[in-house]
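> Sharing a structure with you now.
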Amino acid sequence: MDIVVRATVAFLFIFFLTRVVGRRELSTLEPFDLILLVVIGDIVQQGVTQNDFSVTGLMLAGATIALMTVLFSYATYKLPLVRPLLAGRPVILAEDGKPIEENLRRQRITLEELLAEARLQQIASLDEVRWAVLETSGAISFIKKS
């Protein structure tokens with residue numbers, strides 16, 4: 001039972017950590033970020049299983065994390081009141097061609113990054129944009145003016 005409790009705590013810690021890090025950072029993984037995630041995974045694994053190298057411990061920890069993932073997903077789907085807490089909300093980064101500095105700063109996105117993302121979507125200037133939205137996945141969507 002100790003492994004189940006530890007796996008639950010590890011899941012909640014990782015969930016909290018990903019919220020603190022921010023969705024934009026997690027959507028664009030650099031090589032260093034990938035290595036850091038592997039290291040964090042190893043650290044968490046050691047905290048969950050301690051010195052239990054048994055197949056039973058592996059299955060308990062894996063099943064607990066999988067169950068927590070399904071429960072959070074189901075809660076996000078079924079409970080609209082907790083959806084913003086668990087999944088986040090889209091954030092408007094620009095409106096009518098004007099960047100919203102406060103939202104950019106809060107999401108740690110520079111104007112240059114926003115413009116680069118617009119260019120990747122074949123948008124030459126923010127003047128063409130009605131809204132730029134940071135989605136809950138970390139991707140930026142652009143809605144052009146009509």
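The values are calculated or read from the model by the stated rules, or taken from the named source; none is laboratory data. Note that the coordinates shown come from a computational prediction; the quantities given were computed from them, not determined experimentally. Here the Cβ positions follow ideal geometry from the backbone for every residue, glycine too, while neighbour counts run over all protein chains shown.
> Do we have any residue at all in segment 112-127 that's surrounded by 12 or more Cβ atoms within 10 Å (Cβ to Cβ) and in contact with a Ser or Thr (Cβ under 6 Å, 6 or more places away or on another chain)?
The answer is no, given that none of the residues of segment 112-127 is surrounded by 12 or more Cβ atoms within 10 Å (Cβ to Cβ) and in contact with a Ser or Thr (Cβ under 6 Å, 6 or more places away or on another chain).
> Also, quick follow-up: State which residue pairs qualify: first residue more than 20 Å from Trp131 (Cβ to Cβ) and inside segment 80-99, second residue assigned to a strand (DSSP E or B) and of a type in the set (D, E, K, R) in any location, beta carbons under 9 Å apart, and separation of 6 or more residues or different chains.
Qualifying pairs under 9 Å: none.
> Can you report the number of residues in segment 98-134 which are touching a Lys or Arg at 6+ places or on another chain (Cβ under 8 Å) and closer than 19 Å to Arg19 by Cβ?
4
> Check Glu102, Glu95 and return the single one that is modelled with pLDDT of 90 or more and either outside the structural domain of Gly138 (by TED's automatic domain parsing) or surrounded by fewer than 11 Cβ atoms within 10 Å (Cβ to Cβ) (or both).
On the way: Glu95 fails: either outside the structural domain of Gly138 (by TED's automatic domain parsing) or surrounded by fewer than 11 Cβ atoms within 10 Å (Cβ to Cβ) (or both).
Step by step, each of Glu102, Glu95 is checked, and only Glu102 is modelled with pLDDT of 90 or more and either outside the structural domain of Gly138 (by TED's automatic domain parsing) or surrounded by fewer than 11 Cβ atoms within 10 Å (Cβ to Cβ) (or both).
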